[in-house]
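Down below is the structure, laid out as structure tokens.
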Amino acid sequence: MIKGIGTSNGIGIGRALLIENNIFNVKTTSGIGIEEEKNRFIQVKQAFIQETEKMIEKLQNKLGEQDKTALVLKNQIYLIKDEELCKEVIHLIENQHMCVEMAVEQTCQFFAGMFASMNSELMSQRVADIEDLKNRVLCLLSGDKQVDLSQLEPNTVIVANQLHPSVTAGMDTAHVVGIIAQKGGETSHAAILARALEIPAVLSVKNATELIKTGDLLIVDGEYGEVFVNPIPKTIQIFEKKKARYKEKVKELRKYINKKTKTADGSSVGLMANIGDENEAAKAMKSGAEGVGLFRTEFLFMNGKSMPTQEQQFEVYKKAAILCGDKPLTIRTLDIGGDKDIPYMGLTKEANPFLGYRAIRFCLGRIDIFTTQLKAILQASAYGNIRIMLPLITTIDEVIIGKKMIYDAMKELDKYNINYNKNIKIGIMVETPAAAFIADVLVKEADFFSIGTNDLTQYILAVDRGNEHVSYLYSVLNPAVLRAIKHVISCAKNGHIEVGMCGEAAANPNMIPLLLAFGLDEFSVSAAKVLETRKNIALWEKGEAKQIADKVLLMNTEKEITTYLNQVIFDKNSAVNGEK
Ligand code: PEP
Ligand code: MG
């Protein structure tokens with residue numbers, strides 16, 4: 001068995017097809033004049049844009065109008081139109097007398113190198129996009145055919161060094177049962193497309209193209225990131241069964257798509273989705289979410305080479321608001337620092353970045369950046385049901401000052417007669433021990449709370465959430481974390497404000513009965529977990545959840561709690577399945 005990162009769920013069993021990217025022998029200098037080469041660049045640009053638009057249209061026909069996944073290909077249109085990229089190509093043609101092929105090759109190499117040096121998953125995605133663009137432009141110039149996967153044998157598993165978005169988008173999806181690649185991760189465009197097309201995918205599989213040959217029989221487990229090469233019949237049997245179970249589960253979950261989120265005894269709770277960009281709002285709505293409980297806006301800042309302007313941000317927030325319709329869209333203001341760096345902002349290296357200049361602390365120090373974002377959010381609030389959420393609050397002053405800055409931003413918009421929602425709700429994330437302890441005070445200033453358990457767990461337990469050496473300590477089921485959560489929820493109840501949870505714990509089946517018992521109003525989970533969470537909420541009656549929570553609160557250790565809850569959940573599922 002070989003391991004990688006499971007990036008699109010499901011199990012695929014089929015024969016390998018190794019694909020190789022085109023190899024080009026690019027000559028250096030031009031045999032024709034500078035003007036002719038410049039014209040060739042203009043022509044190839046046009047041909048590239050047309051070809052990409054056709055691909056987007058084809059993919060959209062496959063996925064449906066509502067699905068915005070096809071827009072990952074739009075990035076390539078933005079890239080080829082990018083002013084700096086075009087300037088550099090023309091510069092090389094004019095000053096170094098290069099032919100278009102070499103000028104494009106060198107320019108792409110330069111930009112890819114720049115993004116690669118930034119060492120982040122998002123930036124490596126940019127590298128993949130640029131490489132894809134380069135290959136496609138060189139194909140168009142040479143007349144070579146790009147790797148063509150539009151007609152495949154049934155039950156094909158695609159194996160590649162790197163799967164470019166354009167290749168994934170053009171795949172004969174009816175016959176592809178799995179994708180394996182040496183490069184790419186959870187957020188790579190190949191992964192996003194695989195998820196949208198519902199093809200199991202395992203990426204970042206080291207030496208895949210050496211270990212696997214065309215024709216090998218493969219099992220791809222997209223959930224656990226495992227690949228079996230020429231497995232024995234017994235393993236195939238086991239995975240055939242798993243595959244059938246997975247299909248059954250997906251079918252079962254689809255039943256929950258248009259249902260209300262209710263406990264077994266009929267109490268309603270909110271079920272929202274967490275999103276990272278405006279296009280995910282469409283996916284969230286499609287998945288049956290009742291709104292967006294967390295829009296992580298930092299990706300908008302991390303994706304570009306410079307600060308997004310007010311206008312650019314406004315367009316993004318407006319689009320998300322329109323996609324959500326009258327359902328709430330909770331926009332979290334910029335949460336950078338900690339593990340999220342933005343190279344062009346020039347943040348200084350800190351000894352303890354998670355305890356340092358991040359999130360609201362950074363925003364209150366950089367009024368220019370914060371105000372620009374606030375004005376863009378407020379402007380977009382005229383187009384939907386937007387709420388503002390401030391991250392990493394530790395003191396009441398941060399909330400008061402943050403709110404004052406929101407009111408100041410409103411005054412600025414008033415000067416230009418720009419419409420916005422004057423009664424916009426302003427909430428906070430409760431994700432520091434300080435905020436949890438003074439939750440009874442914070443209710444006086446916040447319209448709502450959202451518990452960020454990813455950070456709350458790390459800060460309460462003093463355990464770096466990304467450090468594998470101490471990951472054994474990192475658990476939301478630790479009694480200290482559970483007490484904090486219970487306390488925050490009861491302070492919100494006493495203060496008559498809504499309380500949600502947008503950390504990963506909201507989708508944890510073990511946590512659900514506890515959160516229902518504590519009185520959580522709103523669960524916010526990734527789009528992929530919406531239906532499963534709705535199903536898990538429907539398992540419990542409030543009284544039953546309370547009995548479980550009462551027992552858990554008397555337990556002393558995380559291990560005791562986890563063992564007990566695993567058993568309770570297992571029994572519950574067996575009982576429910578047995579009754580059917
Ligand atoms: C959290 O901390 O729980 C949270 C939702 O925010 P992030 O994971 O973006 O820090
Ligand atoms: Mg957080």
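Using the Cβ-Cβ distance between Lys260 and Ser490 with R0 set to 30 Å, the FRET efficiency from 1/(1 + (r/R0)^6) comes to roughly 0.75. Amide H contacts under 5 Å for Val292: Ala273, Leu329, Thr330, restricted to partners 5 or more places along the chain or on a different chain, H placed in the peptide plane at 1.01 Å from N.
If Rh is defined by the Kirkwood formula over all Cα pairs and Rg also comes from Cα, what ratio Rg/Rh do you get for the chain?
Numbers: Rg = 25.5 Å, Rh = 25.9 Å.
Radius of gyration relative to Kirkwood radius: 0.99.
Taking Cα centre as origin and charging only the Cβ of basic (Lys, Arg, +1) and acidic (Asp, Glu, -1) residues, the dipole magnitude of region 245-354 rounds to 780 debye. For region 259-579, the residue among Asn467, Ile418, Ile401 whose Cα projects farthest onto the positive side of the dipole built from Cβ charges is Ile418.
The mean of 1/r over all distinct Cα pairs in region 482-523, once inverted, gives the Kirkwood hydrodynamic radius of 10.2 Å.
For region 534-572, GluC sites (Glu not before Pro) are listed when DSSP marks them as loop and at most 16 other Cβ atoms sit within 10 Å of their Cβ; the list is Glu541.
Express as a percent, rounded to the nearest 5, the fraction of DSSP beta bridges in the chain (both residues included) that run antiparallel. Could you put the intermediate results ahead of the total?
Working: 17 of 58 bridges.
Percentage antiparallel, nearest 5: 30.
Once ligands and nucleic acids are excluded and a 1.4 Å probe is used, how much of Asp144 is accessible, expressed in Å² to the nearest 10? Roll a 1.4 Å probe over it and Asp144 shows about 70 Å².
When DSSP assigns beta bridges and you keep just the ones with both residues in region 259-579, what percent turn out antiparallel, to the nearest 5? It would help to have the intermediate numbers written out before the result.
Details: 2 of 31 bridges.
Bridges in region 259-579 that DSSP calls antiparallel: roughly 5 percent.
Given Cα positions, please report Rg to Rh for region 259-579, the hydrodynamic radius being the Kirkwood one.
0.97
The mean of 1/r over all pairs of different alpha-carbon atoms in region 107-245, once inverted, gives a Kirkwood hydrodynamic radius of 16.1 Å.
A full extension of the chain between Ile232 and Gln151 corresponds to an added length of 26.3 nm, given 0.36 nm per residue minus the alpha carbon distance.
Values of log10 I(q)/I(0) for region 34-142 across q = 0.23 Å⁻¹ run -1.24, by the Debye formula with one identical scatterer at each alpha carbon and no solvent. Loop-located trypsin sites (Lys or Arg not before Pro) in region 153-230 (DSSP state not H, G, I, E or B) with no more than 11 neighbouring Cβ atoms inside 10 Å: Lys206.
Assigning unit charges at the beta carbon (Lys, Arg +1; Asp, Glu -1) and nothing else, what dipole magnitude in debye, to the nearest 20, does the chain show about its Cα centre?
Numbers: 69 positive and 72 negative charges, 298 e Å.
Approximately 1420 debye in magnitude.
What FRET efficiency would be calculated for the residue pair Leu211, Asn467, taking the C-beta separation as r and a Förster radius of 25 Å, to the nearest 0.05? For R0 = 25 Å, the calculated efficiency reads 0.25. Cβ-Cβ distance of Asp144 and Phe299, R₀ of 45 Å, FRET efficiency by 1/(1 + (r/R0)^6): the value works out to about 0.80.
One quarter of the surface of the convex hull around the alpha-carbon atoms of region 508-580 equals 5.2 nm², the direction-averaged projected area.
Suppose all protein chains stay in the model; what accessible area per residue would a 1.4 Å probe give for the chain, in Å²? Mind showing how you got there, number by number?
Details: 26750 Å² over 580 residues.
About 46 Å² of surface per residue is accessible.
Note on the chain: dipole from Cβ charges, positive end direction compared against Met118, Ser526, Thr348; the farthest Cα belongs to Ser526.
Under the simplified labelling scheme, the Glu198-Tyr78 pair shows an inter-label distance of 2.9 nm, with each label point 7 Å from Cα along Cα→Cβ. Computed 3J(HN,Hα) for region 101-115, one whole-Hz value per residue from the Karplus formula 6.51 cos²θ - 1.76 cosθ + 1.60 where θ = phi - 60°, is 3, 5, 4, 5, 4, 5, 5, 5, 4, 4, 5, 4, x, 5, 5, glycine and proline marked x.
Measuring nothing but protein heavy atoms, the accessible surface of region 34-142 at 1.4 Å probe radius is 48 percent carbon and sulfur.
Ligands, DNA and RNA excluded, the heavy atoms of His469 present near 150 Å² of accessible surface to a 1.4 Å solvent probe. As a rough guide to protection, the peptides 87-98, 226-237, 435-446 ranked by mean Cβ packing within 10 Å, highest first, stand as 435-446, 87-98, 226-237. Using 0.36 nm per residue and subtracting the Cα-Cα separation, the extra length available between Ala575 and Ile396 on full extension is 59.8 nm.
Over the heavy atoms of Ser204, what accessible area does a 1.4 Å probe trace out, to the nearest 10 Å²? About 40 Å², rounded to the nearest 10.
The values are calculated or read from the model by the stated rules, or taken from the named source; none is laboratory data. Bear in mind the structure is a predicted one, so any value in this text is a computation, not a measurement. Virtual Cβ from ideal backbone geometry, glycine too; neighbours counted across all protein chains shown. Calculation scope for accessible area: heavy atoms of the full protein, side chains included, ligands and nucleic acids excluded. Shrake-Rupley method; radii C 1.70, N 1.55, O 1.52, S 1.80 Å.
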